[in-house]
Amino acid sequence: MENKVYIFDTTLRDGEQVPGCQLNTEEKVIIAKELEKLGVDVIEAGFPISSPGDFNSVIEISKAVKNPIVCALTRAKKEDIEAAVESLKYAKKKRIHTGIGSSDTHIQYKFKSTREKVLEQAVWAVKYAKKFVDDVEFYAEDAGRADKEFLAKMVEEIIKAGATVVNIPDTTGYCLPQDFGGKIKYLFENVKNIHKAIISVHCHNDLGMATANTISGLINGARQAEVTVNGIGERAGNTSLEEITMILKTHKKLDLETGINTKKIYDISQKVSKMMNMPIQKNKAIVGANAFAHSSGIHQDGIIKQRENYEIIDPKDVGIDKSKIVLTARSGRAALKYRLRNLKYEIKQEHLNIIYKKFLNLADEKKEINDQDLRILMIQNNL
Ligand code: KIV
Ligand code: ZN
């Protein structure tokens, strides 16, 4: 099986559904160009039938990028598919992403329908989209909670109808990693034509397991991961692009790779956060302000001796200049000496002992000691 994992970015569609984070077309085009530089394979540019703004964004993104596939979302409806076709007319590489609910909950309560009718509509939608584009992705919404036998039947029929990619979403973020991975494995073992399509995983983070579920899906054969920058998305968000990319880069034994230029991760993360007015939590993996910051004495001493003692990722690999040694009342002499050396102060051990005591008193008062505080401490102590 191929070891390339396709990165399908849905920051501008699922990510942008966050209340208060909407972007205008111009802003979306800026992000789309950054996503292209980052090396994503697919940009889900919007849901064209949903509003004139979204429709227009798909048009402009299609004009603006050339390498990634531009994808437009639809329901399994004629008018949605036709709007998507129209919005993708300038795309160099285009994909329609259509689909319908696959769980009994969705079938009974959302569509008030039956499995048979939903299956029929799903097949119809793929065939209809295929009349206009070669590349059709189908999403089996709420697949995480769907009956696996019915899901397998749906996947088989959808591939027969011409789907090139089949998206298995854990729409409600319900699954445990072994169950989600198990579902993907079941599909590989029970869907005869499964090798004719790429299986995609699209996970939500309601229980904090979106990344784990996506990795589990990939381990079990999925080869496309649907992600957003900073993991933004409705409710608790989507699987984060930076986490998936760096997990695959860090764990070589998985033998899976992406085409992402990881050195651009921090930059796009900051841009998306600022443009969407969505601050990044400080302890967010990979891109949070504290992801490469060390503040306790033992860790600081270890990291100064050898970065790998407490870091599994080189910050340069994600575009961050270097790790941070933060000075607080928990810091030790090694950290103080290191930070003073960065300010060009070479200090003898006896002087370090004196200044360290004063530093601790100050750090008890102030939460964090900055470079200016250090300079003042040195001047006050004639050092
Ligand atoms: O979470 C989900 O199921 C979705 C689909 C529309 C792909 O976002
Ligand atoms: Zn989603």
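The values are calculated or read from the model by the stated rules, or taken from the named source; none is laboratory data. Computed from a predicted model, the values in this text were never measured in an experiment. All Cβ positions, even for glycine, are placed from backbone atoms using ideal geometry, and neighbour counts span all protein chains on display. Side chains included, ligands, DNA and RNA excluded: accessible areas come from the protein's heavy atoms. Shrake-Rupley method; radii C 1.70, N 1.55, O 1.52, S 1.80 Å.
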Next item on the list: Assess whether Leu23 counts as being in contact (Cβ under 8 Å) with a residue 12 or more places away in the chain and buried (at least 22 other Cβ atoms within 10 Å of the Cβ).
Entry: no
Notebook entry, point to check: Restricting segment 178-221 to residues that are in a strand (DSSP E or B) and hydrophobic (A, V, I, L, M, F, W, C), which is surrounded by the most Cβ atoms within 10 Å (Cβ to Cβ)?
Noted result: Val201
Notebook entry, point to check: Which residue, of Gly221, Gly259, Gly217, Gly237, is more than 20 Å from Pro68 (Cβ to Cβ), away from ligand 2 (no atom under 16 Å from the Cβ) and not charged (D, E, K, R)?
Noted result: Gly221
Check: Which of (1) among the aliphatic types (A, V, I, L, M); (2) touching a Ser or Thr at 6+ places or on another chain (Cβ under 7 Å); (3) under 20 Å from Ile168 (Cβ atoms) does Leu88 not meet, given it meets every other one?
Finding: (3)
Next item on the list: Please go through segment 297-346 and pick out each residue that is open to solvent by 40 Å² or more (accessible area, probe 1.4 Å), of a type in the set (S, T, N, Q) and closer than 19 Å to Lys263 by Cβ.
Entry: none
Item checked: Every residue from segment 8-25 that is touching a Gly at 6+ places or on another chain (Cβ under 7 Å) and within 16 Å of ligand 1 (Cβ to nearest atom) -> Leu12, Arg13, Asp14, Gly15, Gln17, Val18
Check: Within segment 359-379, can you find the residues that are assigned to a helix (DSSP H, G or I), open to solvent by 90 Å² or more (accessible area, probe 1.4 Å) and either touching a helix residue (DSSP H, G or I) at 6+ places or on another chain (Cβ under 6 Å) or under 19 Å from Ser295 (Cβ atoms) (or both)?
Finding: Asn361, Asp364, Glu365, Gln372
Notebook entry, point to check: Looking at Lys110, Lys130, which is the one that is touching a strand residue (DSSP E or B) at 6+ places or on another chain (Cβ under 8 Å), within 16 Å of ligand 1 (Cβ to nearest atom) and among the charged types (D, E, K, R)?
Noted result: Lys110
Check: Name the strands (runs of 3 or more DSSP E) wholly within segment 49-165 that hold at least 2 residues that are at positive phi?
Finding: none
Next item on the list: Report the residue count in segment 77-91 for those that are under 18 Å from Ile61 (Cβ atoms) and in contact (Cβ under 8 Å) with a residue 40 or more places away in the chain.
Entry: 4
Next item on the list: Report, by residue number, each residue of segment 155-175 that is within 22 Å of Asp14 (Cβ to Cβ) and away from ligand 1 (no atom under 14 Å from the Cβ).
Entry: Val155, Thr164
Item checked: Residues of segment 263-309 classified as over 18 Å from the mean Cα position of the chain (by Cα), of a type outside the set (D, E, K, R) and in a helix (DSSP H, G or I), total -> 8
Margin query: Filter segment 24-57 down to the residues that are over 17 Å from the mean Cα position of the chain (by Cα) and either within 15 Å of ligand 2 (Cβ to nearest atom) or at pLDDT below 95 (or both) and list them by number.
Written below: Phe47, Ser50
Check: Does Gly259 qualify as being within 19 Å of Asn24 (Cα to Cα), out of contact with any Phe, Trp or Tyr (no Cβ under 6 Å at 6 or more places or on another chain), part of a loop (DSSP other than H, G, I, E, B) and modelled with pLDDT of 95 or more?
Finding: no
Checklist line | Some residue of segment 84-98 being hydroxyl-bearing (Ser, Thr, Tyr), over 23 Å from Ala143 (Cα atoms), surrounded by fewer than 20 Cβ atoms within 10 Å (Cβ to Cβ) and in the same structural domain as Glu226 (by TED's automatic domain parsing) | finding: yes
Notebook entry, point to check: Which members of segment 189-213 meet the condition of being in contact with a helix residue (DSSP H, G or I) (Cβ under 7 Å, 6 or more places away or on another chain) and either more than 12 Å from ligand 2 (Cβ to nearest atom) or in contact (Cβ under 8 Å) with a residue 60 or more places away in the chain (or both)?
Noted result: Asn190, Val191, Lys192, Asn193, Ile194, Lys196, Ala197, Ile199, Met209, Thr211, Ala212, Asn213
Next item on the list: Give the residue, chosen from Ala140, Ala146, Ala152, that is within 16 Å of ligand 2 (Cβ to nearest atom), out of contact with any Lys or Arg (no Cβ under 6 Å at 6 or more places or on another chain) and more than 22 Å from Thr10 (Cα to Cα).
Entry: Ala146
